[in-house]
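Take a look at the structure below.
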Amino acid sequence: MSAPSTTEFQSALLRKARWHPLEFVAWAVAFALPLVMPSHSLLVNEIAIVALFAMSLDLILGYTGIVSLGHAAFFGFGAYAAALFAKLVMPDPTVGLVIATVLSALLGLVASVTILRGSDLTRLMVTLGTALLLLELANKLDWLTGGADGLQGVVMGPVLGLFEFDLYGRTAAWYSLAVMLVLFLVMRRLVHSPFGATLKAIRDNRLRAMAIGIPVVSRLVVIYTAAAGIAGAAGALLAQTTGFASLDVLAFDRSADVLLMLVIGGVGWLYGGVAGAIVFKLLQTWLSAVTPQYWMFWIGLILVLLVLVGRDRLLKPWTWFGAGQKKKKGGAA
């Protein structure tokens, strides 16, 4: 059997990049939610932000195989950059968003040297160390960042000079959804391109990718920089829509939560970050209302079940034991 030609390979990539009709429906529903359920606009805004953050991590984890426990460094840096820009320079949210994204990408470019060598465990520790360094720096520079009290007095202007941020959060929700959609299109085009195919080759076997001529180092630097910029954009959205930035945006919890979202939704496809963010935030909202002190226990229990029985069978308890297990083993045989 002959190897597929370049044209056939590009055609396969284009087929994967085509939109399914259900995707248009899903995005239409998302943009309609702040209008249909205005009381939940703030929740929609928060889900859009964390979903964008999760997708940025999936670029390096799911598509490139880079394990990170410090992705909150770029999220928090973008949040502080946008908040400081609005407070000290100008309150235009779109300009602040661009500035925060570019600065976060530059930080990612500098930090990319930490993921070029070593094992997965080394990268976990080094990326975590980067986030902790920024956290301590933000705490010490209290004259600039507000320290433990947070950066207050951030007032945002209207989006595009037309849409004022309202108390119900509808403008914030539409703003975050619009930015999320634009960056989702960019990421979708990226992962379904020949560049994205080389990322998957690096993820599967870095040495083999180097052997066939893929410039592994430059690919890793580019995707890490892009992921950092997108994470910074998510952090900027949080600061702009809440008018506040605190040390919480750089905390380890941020990095851990976004990893949990990808575990729930699945890695290696962009909608996994969206699905994980939706499930995680809805569970967090519901469980914290039912059991304020123990909601993390229930989320942890769900994650344990997810790992033990698998994502596809989580909602089918009758397949966990007995006949369901035997049937699965028989089918595998």
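The values are calculated or read from the model by the stated rules, or taken from the named source; none is laboratory data. The structure displayed is predicted, hence computed values, not measured ones. Positions of Cβ are backbone-derived with ideal geometry, glycine not excepted, and every protein chain shown enters the neighbour counts. Heavy atoms of the whole protein, side chains included, go into the accessibility calculation; ligands, DNA and RNA do not. Shrake-Rupley method; radii C 1.70, N 1.55, O 1.52, S 1.80 Å.
Filtered by the rule that a residue be closer than 24 Å to Gly129 by Cβ and open to solvent by 10 Å² or more (accessible area, probe 1.4 Å), the stretch 85-101 gives a lone residue, Thr101. Looking at the structure I just gave you, is Ile264 open to solvent by 60 Å² or more (accessible area, probe 1.4 Å), under 19 Å from the mean Cα position of the chain (by Cα) and modelled with pLDDT of 80 or more? Against the criterion (open to solvent by 60 Å² or more (accessible area, probe 1.4 Å), under 19 Å from the mean Cα position of the chain (by Cα) and modelled with pLDDT of 80 or more), Ile264 does not qualify.
Output the residues belonging to the stretch 57-74 that are touching a Leu at 6+ places or on another chain (Cβ under 8 Å) and outside any loop (DSSP other than H, G, I, E, B). Scanning the stretch 57-74 gives Leu57, Asp58, Leu59, Leu61, Ala72, Ala73, Phe74. For Ala209, the conditions (1) of a type in the set (Gly, Ala, Ser); (2) within 30 Å of Leu167 (Cα to Cα); (3) modelled with pLDDT under 85 all hold with the exception of (2).
Residues of the stretch 48-62 include none that is open to solvent by 30 Å² or more (accessible area, probe 1.4 Å), under 21 Å from Ala256 (Cα atoms), in contact with a Gly (Cβ under 7 Å, 6 or more places away or on another chain) and not polar (S, T, N, Q). Taken together, the residues in the stretch 212-225 that are modelled with pLDDT under 85 and in contact with a Gly (Cβ under 9 Å, 6 or more places away or on another chain) amount to 0.
For the stretch 280-294, a residue qualifies if it is open to solvent by 60 Å² or more (accessible area, probe 1.4 Å) and assigned to a helix (DSSP H, G or I), and the qualifying residues are Leu282, Thr285, Trp286, Ala289, Val290. The residue that is least open to solvent (accessible area, probe 1.4 Å), among those in the stretch 109-128 that are aliphatic (A, V, I, L, M), in a helix (DSSP H, G or I) and modelled with pLDDT under 80, is Ile115.
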